[in-house]
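These notes are about the structure you will find just below.
Any read-out appearing in this document is the output of simple, stated calculations on the displayed coordinates, not a laboratory observation. Bear in mind that the values here come from a model prediction, so they are computed numbers and not experimental data. Neighbour counts are summed over all protein chains in view; Cβ atoms, including those assigned to glycine, are modelled from backbone coordinates with ideal geometry.
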Amino acid sequence: MIDDKILAMLNKPYVVHGEHHHRFICWSFCREIYALFGLKLKNLNFQRELKRVKTSTPRCIVLFQANTLWHSGVVWPDGLHFIHASTRNIFNPTLKDYIVRQDRLTIWPYKLIFEGYYAP
């Protein structure tokens, strides 16, 4: 079952294969999750592939923006949490330092930098 595969990723290191800059790890993670759903997200121009929706729905992408930095994750089935690939050290991220986490949408810092929800 797909949700079991996603649940099995929690609290484990997230490794991306190939050439990726650490700023795009979270989007690579969203693409991997969507592939499990049978949907292919192509690139960073999500506005061509997704439409903004008003409310949180399970499996939609949540987007955050802090100044010029962006972060994304996939909304959990309860609609209150999201799963994402997050660095363990925000001050010195490396490609080997990411973990899959589940966080609440309404906690700091996410509630302060929330940009919107997007769905196919």
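Each Cα pair under 8 Å and six or more residues apart adds its separation to the average, and for the range 29-84 the resulting relative contact order is 29 percent.
The trypsin sites (Lys or Arg not before Pro) found in the range 24-85 that occupy coil by DSSP, while having at most 16 further C-beta atoms within 10 Å, are LYS40, LYS42, LYS54.
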